[in-house]
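Quick one: the structure is below, questions incoming.
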Amino acid sequence: MKILVIGGGGREHALVWKLKQSRRVQKILCAPGNGGIADDVECLRVDPGDVRALVELAGNIAPDLTVVGPELPLVNGISDAFAERNWAIVGPSRQAAQLEGSKIFSKEFLLRHGIPTAKMYGAYDSASDAYAALRGMVDPLVIKADGLCAGKGVVLAPDLESARQFLENVMEKNELGPGGRRVLLEETLEGEELSFIILTDGQRYAPLVPTRDHKRVFDGNQGPNTGGMGAYSSDELLPADLRETVISTIVEPTLRGLADEGIAYQGFLYVGLMLTKDGPKVLEFNCRLGDPEAQAIVARMDFDLAEVLADVAAKRLDPTKLAWRRGASACVVLASRGYPGKFEIAKNIDGLTSSAKHTGVEFFHAGTKRERDCLLTSGGRVLGVTAAADSLAAALGLAYRALQEIHFDGMHYRKDIGAPAGHVQAAGD
Ligand code: AMP
């Protein structure tokens, strides 16, 4: 098989790493990839949001299978463009990707199908209507910009004044661009979050191992939200009875609802959950793997990913093929100074070669680039140090030990990956 992977972050490096292990794979190409992916496979410069350019690229290289990492090409319709040409691709259609591309679409879908989620207070496309509605509400509440906003579209407003301020920023000052023209106001849920991702071919589905990510930039869940500072997966994260509830009250009704509405969903479906005292509720859907969750997930895969993804594209997924390594995995993200705000780049990364001797640890590149003989930082999230082991403590120990050897100016990371929310653990430090 010749496989094209679209995207250029830690998630795509993890996918490439796993796909490369398959005996069925002859060649992998990645568009656009990054400095680390380029060490492993051929990378091609293409804007991953540009469907026309991606179609042209695939027309030239004729992959047997294309795997889409990020949401943007999916929301822009890459899967539809490939389907028209009968090209094999893993990823939902533009319509199905609305589950992520529009928070209002997704909320209305959940409500229509009676799937547990935070109560919707209202959806507004004019600032004056939103301000008027706000006056009758009680805090705290959650405001979500409807469209894709690069992780900046959700605010947990502790009081009505900060809610009003956010509405003004997104609806009047257009600070988040077109994604902020419409907003959704909803109830604040309390509990622990959990990411439950499934792989489906539209008929059958297979759950992946459950994960939890750490969104805040600092230890103890302090500071602003990021794309994710780390993630972990363990068998204990989701007890069997809770897993059953998630499947019967959320996953299956979602897949049934999509099918009933004639929306063919194929690919990864990420269900972001809040485990509330009244049971699991949906916070969000994503139409792809999460990042860094994907890194923790691939570390536990004990099956041929290329074969399974080819099965998904051909609509013959066999869920029994997805076998998992018992135990746990962890991914610790090393980030640039300033991230998630304005961050520094072009810093020299040292120590990766010496850290490579740590067996059981993978260094997935997210924001790196090669310049002559140097490896430089090129993004906010730079590397995902990922390990799997028989227990979470062992996986964390491996990752934290290995990352001690890596250095770049301004490097920072969370020291409490894998710890329960609000609990700071001095892992490996
Ligand atoms: P979303 O993109 O919708 O998942 O929102 C991003 C993050 O905001 C989630 O991972 C949660 O941490 C938080 N969040 C979203 N909706 C709610 C809610 N209704 N109650 C509490 N937290 C929420």
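The values are calculated or read from the model by the stated rules, or taken from the named source; none is laboratory data. Since we're looking at a predicted model, the values are computed, not measured. Cβ atoms come from the backbone with ideal geometry, glycine included; neighbour counts cover every protein chain shown. With ligands, DNA and RNA removed, areas are computed over all heavy atoms of the protein, side chains included. Shrake-Rupley method; radii C 1.70, N 1.55, O 1.52, S 1.80 Å.
Under a 5 Å amide H to amide H cut-off, with H placed in plane at 1.01 Å, what residues pair with residue 227 once short-range neighbours are removed?
Hits under the 5 Å cutoff: none.
Which entries in 321/357; 277/321; 173/415; 152/369; 103/321; 321/415 show an alpha-carbon gap greater than 29 Å? Intermediate values should be presented prior to the final figure.
On the way: 321/357 31 Å; 277/321 34 Å; 173/415 37 Å; 152/369 25 Å; 103/321 33 Å; 321/415 35 Å.
Distance filter (> 29 Å) returns 321/357; 277/321; 173/415; 103/321; 321/415.
Using the Cα centre as the reference, give the magnitude of the dipole from point charges on the C-beta atoms of the chain (Lys, Arg: +1; Asp, Glu: -1; all else neutral), rounded to the nearest 20 debye.
The dipole of the chain has a size of about 640 debye.
Same structure again: Can you work out ³J(HN,Hα) from phi for every residue in the range 246-259, in order, using Karplus 6.51 cos²θ - 1.76 cosθ + 1.60 and θ = phi - 60°, giving whole Hz and x for Gly and Pro?
Going residue by residue, I get 4, 5, 7, 9, 10, 5, 5, x, 5, 5, 5, x, 4, 4 Hz, with x marking Gly and Pro.
Follow-up question, since we're still on this one. What accessible area per residue comes out for the chain, rounded to a whole number of Å², with a 1.4 Å probe?
42
Given only helices, namely DSSP H runs of n ≥ 4 each adding -39500 (n - 2.57), what is the per-residue ellipticity at 222 nm of the chain, to the nearest 500 deg cm²/dmol?
On the way: 15 runs with 116 residues, N = 429.
That calculation yields -7000 deg cm²/dmol at 222 nm.
Can you work out the Karplus-derived ³J(HN,Hα) for every residue in the range 209-226? Use 6.51 cos²θ - 1.76 cosθ + 1.60 with θ = phi - 60°, whole Hz, and x for glycine or proline.
5, x, 9, 9, 10, 10, 8, 6, 6, 10, 3, x, 6, 9, x, x, 6, 10
On to the next question. Long-range amide H contacts for residue 42: which residues qualify at under 5 Å (H placed 1.01 Å from N, peptide plane, sequence gap of 5 or more or a different chain)?
Excluding prolines and chain starts, which carry no amide H, the hits are 28, 30.
Rank these by accessible area, largest first, 1.4 Å probe: 398, 269.
Reading off the accessible areas and sorting them downward yields 398, 269.
Just grab the label-to-label distance for residue 370 and residue 323, each label 7 Å out from Cα along the Cβ direction, in nm (one decimal).
3.5
Something else: Count the net charge of all other residues whose Cβ sits under 11 Å from the Cβ of residue 348, scoring Lys and Arg as +1 and Asp and Glu as -1.
-3
Taking 45 Å as R0, compute the FRET efficiency from the Cβ-Cβ separation of residue 354 and residue 126 and round it to 0.05. Show your work: numbers first, answer last.
Working: r = 58 Å, r/R0 = 1.28.
My answer for the efficiency is 0.20.
Please arrange 84, 71 by accessible surface area, largest first, computed with a 1.4 Å probe and ligands excluded. Mind dumping the intermediate values first?
Values: 84 145, 71 45 Å².
Result, largest first: 84, 71.
Set Lys and Arg Cβ to +1 and Asp and Glu Cβ to -1, take the dipole of the range 366-405 about its Cα centre, and tell me which of 367, 394, 404 lies farthest positive.
Looking along the dipole axis, the top candidate is 367.
Which of 101, 113, 239 sits closest to the plus end of the dipole of the chain, meaning its Cα is farthest towards the positive end, when Lys and Arg get +1 and Asp and Glu get -1 on the C-beta?
Going by the Cα projections, it comes out as 101.
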